[in-house]
Amino acid sequence: MTPGSGDGRSTVAGLVAIASGRLLEAGSTSARLDAELLMGHALGIDRTGVIAHGASPVPAPAAAAFEGFVVRREAGEPVAYIRGTREFHGLALAADARALVPRPETEQLVDEAVAEIARRLTSSPRSPGAAPVRVVDVGTGTGAIAVAVVSALRRRRMDQAVHVTAVDISADALALAMENAVAHGVADRMAFHRGDLFDGLGDGAEALDGAGGARFDVVCANLPYVTTGAIAGLAKDLAFEPVLALDGGPDGLDVIRRLLDQLPSRLVPGGVALLEIGHDQGESILAACAQHVPGWPASVAADLAGLPRLARVERPVS
Ligand code: GLN
């Protein structure tokens, strides 16, 4: 220990170690990561810097800011809300209490949507003036799915051939989604619509980029699917997130069933809906599809942990 460094506790690594113990105690399942991210936020550096500069002293103002962040995190506030940002599909998205924090499991839906759109763009020759592939993200929240899909297609030089409508019932969430679209430079390929599921879509000129009609080729939706019963016992984290984005009714599928009912008038023949589901809803979603869109092919894909996560339902061509 060098003279003047005290007992090492006021160094970056020292404060992170103390904080991660406190956060573990408070019930965080990612205590060290939380502490490192919050330290980075206090110092204005990234997590790599926090790890690389463990032996550096933390200036008093940053230490005070860090302490404030740790107290908030101890109370259960998501790290994403404290930092105001969350990494999703390689993008730094703005995140705050206006919408659910984007989850890593939702990245699978983005990948699937991008693959689906790319298939549509490459499966047959497209004439120069062809209508764009029309995509809708129902219940967009932070805009994570919509913004990540357009961003990924832009990297592949395919974004000019798509149009994505982002819908949310919450005006607050929609404002956040717009901020994210603008921040990532993809708002030119998007429209924003406030409404319940598909309600009001296409009634005005707002959503469809002059393409006419209110039907879509690809529907993406990470709707609320947590059961009302589970909401009460949710981890402290979720207490900070909008319950509107989580509560899916008694079996969690209330909102998704309402969406399924609207698909026949909202999906073009051959169109596909990709729906995020809970890890225990693999069988119930297939039953719901059989009941609400009978005869439509439906399947469920597992996530990296092998749990059901993504339902795919397709409107037959005829
Ligand atoms: N995956 C989220 C959670 O379990 C739920 C998201 C949702 O309801 N769409 O916290």
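Inside region 255-283, can you point out the residues that are surrounded by fewer than 17 Cβ atoms within 10 Å (Cβ to Cβ) and within 17 Å of residue 229 (Cα to Cα)? Those that are surrounded by fewer than 17 Cβ atoms within 10 Å (Cβ to Cβ) and within 17 Å of residue 229 (Cα to Cα): 279, 280.
Before we move on, is residue 118 surrounded by fewer than 18 Cβ atoms within 10 Å (Cβ to Cβ) and more than 16 Å from the ligand (Cβ to nearest atom)? Here the answer is yes, as residue 118 does meet what is asked.
Among the criteria (1) touching a strand residue (DSSP E or B) at 6+ places or on another chain (Cβ under 8 Å); (2) aliphatic (A, V, I, L, M); (3) surrounded by 19 or more Cβ atoms within 10 Å (Cβ to Cβ), the one residue 92 does not fulfil is (3). Against the list (1) closer than 28 Å to residue 255 by Cα; (2) at pLDDT below 95; (3) of a type in the set (D, E, K, R), the condition residue 157 fails is (1).
Taking region 84-108, which residues are within 15 Å of the ligand (Cβ to nearest atom) and of a type outside the set (Gly, Ala, Ser)? Result: 86, 88, 100, 101, 102, 103, 104, 105, 106, 107, 108. Filtered by the rule that a residue be in a loop (DSSP other than H, G, I, E, B), under 30 Å from residue 133 (Cα atoms) and more than 10 Å from the ligand (Cβ to nearest atom), region 212-234 gives 212, 213, 214, 215. Scan region 247-255 and tell me whether some residue there is free of Cβ contacts under 8 Å to residues at least 40 places away in the same chain, over 23 Å from residue 97 (Cβ atoms), of a type in the set (Asp, Glu) and away from the ligand (no atom under 16 Å from the Cβ). No, that holds for no residue.
Which number in (1) crowded, with 16+ Cβ neighbours inside 10 Å; (2) modelled with pLDDT under 95; (3) assigned to a loop (DSSP other than H, G, I, E, B); (4) not acidic (Asp, Glu) marks the one condition that residue 244 misses? All conditions pass for residue 244, except number (3). All of 272, 268 fail the test of being modelled with pLDDT under 95 and either within 15 Å of the ligand (Cβ to nearest atom) or outside any helix (DSSP H, G or I) (or both), apart from 268. In contact with a Gly (Cβ under 6 Å, 6 or more places away or on another chain) and touching a residue at least 24 places away in the same chain (Cβ under 8 Å): which single residue out of 58, 50, 79 fits that description? Going through 58, 50, 79 in turn, the sole match is 50. If you go through region 275-318 and keep only what is outside any strand (DSSP E or B) and polar (S, T, N, Q), you end up with 281, 284, 291, 318. For region 23-30, the condition holds for no residue, the condition being that it is more than 23 Å from residue 239 (Cα to Cα), surrounded by fewer than 21 Cβ atoms within 10 Å (Cβ to Cβ) and of a type outside the set (Ser, Thr, Tyr).
The values are calculated or read from the model by the stated rules, or taken from the named source; none is laboratory data. Bear in mind the structure is a predicted one, so any value in this text is a computation, not a measurement. Heads up, the Cβs are rebuilt from the backbone with ideal geometry, glycines too, and the neighbour counts pull from every protein chain shown.
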